[in-house]
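Undergrad: My questions will all concern the structure given below.
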Amino acid sequence: MTKSRRGIYLLPNLLTTGALFSGFYSIVAAMNQHFTSAAIAIFIAIILDGMDGRIARLTNTQSAFGMQYDSLSDMISFGLAPSLVVYQWALFGMGKLGWLAAFVYTACASLRLARFNTQATSIDKRYFQGLPSPGAAAVLGGLVWFGSGYGLVDGTTITIICSLLTVVVGLLMVSNIRYHSFKEFDFKNRISFMAFLIIVPVFVLIAIEPASILFLLAIIYTISGPIFTLILLHRHRAARKDAR
C-alpha cells in the first residue's frame, strides 16, 4: 500500500509569502525612516493578499494549511506592520500614549482575525463583520504615504489626529458594522461598457497621484461601512413598522 504524498500548493502560498515579506519589509523600512517605501510595501501586501485567495479558488488549490498561513501573514502585514509604521512616523513623540494607540490597533487586528477564522463557515460571504484588516491597513498606510509625501507630521495637532485615527480604525475592525466584501464579484463575468469606462479613470488617477487617491479610496471604504449599516437598520425598522 503506497502512502499518499503530502505537500502544500505552491502558487497561492507563494503569493501569501510575498504578502508576508512585504509586511516584514514595511517594518524594516519604517525603522530606517523610509516611510514612503514602508507605506508602499503595505499596499503591495494588500494586493498579494487579495490575489492568493482568488487564485486558490480559481485553481481549486484551497487548503487548511493555506488558510492558517494566510491568517498569520495577515497578522504581520495588516496587524503589526501598519501600527509600527504609523508609530515610527507620527506617534513616537507622544511617548506612552503613542505606543498604546499603536497597540490598540494591533490588538484589534488580532481579535478581528481570530473572530473571522471562527466564523468563516457561518457568515454571509457578501459582507465582512467589522472593517477587514487589509482595509484598516490601507487607511494607515495611505495616511503615512500621503503625509510623508507632503510633510504633514509637524506639530502636535496632526500627531493627535493620527493617534485618534489609529484607534478608531482599530475599533472598527472589532465592531459589528458590515462592510461589502466584493467576493461576489466574478472576473469571468461580463460588465457593461460604461462600467468599464468608470474603472479606467480610477486607474489613471492612481497612476498620477497614488498616495492621495489610495488614501481617499481607503477612507471612503472605511466610511461606507457605518453608512451601509445605518441604511440597513433604517430599512429593518421600517419593515417592522409596516408589519405591525
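Taken together, the values in this text are just the output of simple stated rules run on the coordinates, not laboratory data. Bear in mind that the values here come from a model prediction, so they are computed numbers and not experimental data. As a convention, Cβ positions derive from the backbone with ideal geometry for all residues, glycine included, and neighbour counts pool all protein chains shown.
Undergrad: Give me the number: length gained by fully extending A195 to E209, i.e. 0.36 nm times residue separation minus the C-alpha to C-alpha distance, one decimal in nm. Display every interim value, and only then the final one.
TA: On the way: separation 14, 0.36 × 14 = 5.04 nm, distance 2.20 nm.
Using 0.36 nm per residue and subtracting the Cα-Cα distance, I get 2.8 nm.
Undergrad: Please work out the FRET efficiency for the pair I47 and F92, using the Cβ-Cβ distance as r and a Förster radius of 41 Å; give the result to the nearest 0.05.
TA: Values: r = 28 Å, r/R0 = 0.68.
E between I47 and F92, to the nearest 0.05, is 0.90.
Undergrad: Going by average Cβ neighbours within 10 Å, how do the peptides 159-170, 229-240 rank, with the highest at the top?
TA: Working: 159-170: 20.1, 229-240: 10.6.
Top of the packing list down: 159-170, 229-240.
Undergrad: Residue farthest toward the positive end of the dipole of region 10-243, with Cβ of Lys/Arg at +1 and Asp/Glu at -1: which of A138, F182, T159?
TA: Farthest along the dipole direction, towards plus: F182.
Undergrad: Suppose R0 equals 41 Å. What FRET efficiency, 1/(1 + (r/R0)^6) with r the Cβ-Cβ distance, do W99 and I227 give to the nearest 0.05?
TA: Working: r = 32 Å, r/R0 = 0.78.
Efficiency for this residue pair is about 0.80.
Undergrad: Another one. Under a GNM of the chain (C-alpha, springs under 10 Å), which listed residue has the highest mean-square fluctuation: A114, A38, A136?
TA: It is A114.
Undergrad: Please check: in the Gaussian network model of the chain (C-alpha springs, under 10 Å), which one of V85, V104, V200 has the largest mean-square fluctuation.
TA: V200
Undergrad: Which value, to two decimals, describes the C-alpha radius of gyration of the chain once divided by 2.2 N^0.38 Å? Please list the in-between numbers first.
TA: Numbers: Rg = 19.5 Å, N = 244, 2.2 N^0.38 = 17.8 Å.
The value comes to 1.09.
Undergrad: For a Förster distance of 35 Å, can you work out the FRET efficiency between the beta-carbons of T36 and L164, rounded to the nearest 0.05? Mind dumping the intermediate values first?
TA: Numbers: r = 23 Å, r/R0 = 0.66.
After rounding to 0.05, the efficiency reads 0.95.
Undergrad: For the chain, give the magnitude of the charge dipole about the Cα centre (Cβ charges: +1 Lys/Arg, -1 Asp/Glu; no others), in debye to the nearest 20. List each step's numbers first, then the result.
TA: Details: 19 positive and 10 negative charges, 222 e Å.
Dipole size: approximately 1060 debye.
Undergrad: Given the peptides 61-69, 87-95, arrange them by the average over their residues of other C-beta atoms within 10 Å, most packed first.
TA: Working: 61-69: 14.0, 87-95: 18.7.
Descending packing order for the listed peptides: 87-95, 61-69.
Undergrad: Please state the relative contact order of region 10-243 as a whole percent: Cα pairs under 8 Å, 6+ residues apart? Please list the in-between numbers first.
TA: Details: 294 pairs, mean separation 49.6, N = 234.
After rounding, I find 21 percent.
Undergrad: Next question. What does the charge add up to near G18, with Lys and Arg as +1, Asp and Glu as -1, over the other residues with Cβ less than 15 Å from its Cβ?
TA: On the way: positive: R54; negative: D49, D52, D70, D74.
That works out to -3.
Undergrad: Still on this structure, I have one more. Lys and Arg at +1, Asp and Glu at -1: add these up for the other residues within a Cβ distance under 13 Å of I76 and post the number.
TA: Taking every other residue near I76 into account, the sum is -3.
Undergrad: I've got another one for you. Can you compute the equivalent ellipsoid semi-axes for region 32-87, i.e. the square root of 5 times each eigenvalue of the Cα gyration tensor, sorted largest first and rounded to whole Å?
TA: Working: eigenvalues 139, 30, 7 Å².
In descending order the semi-axes read 26, 12, 6 Å.
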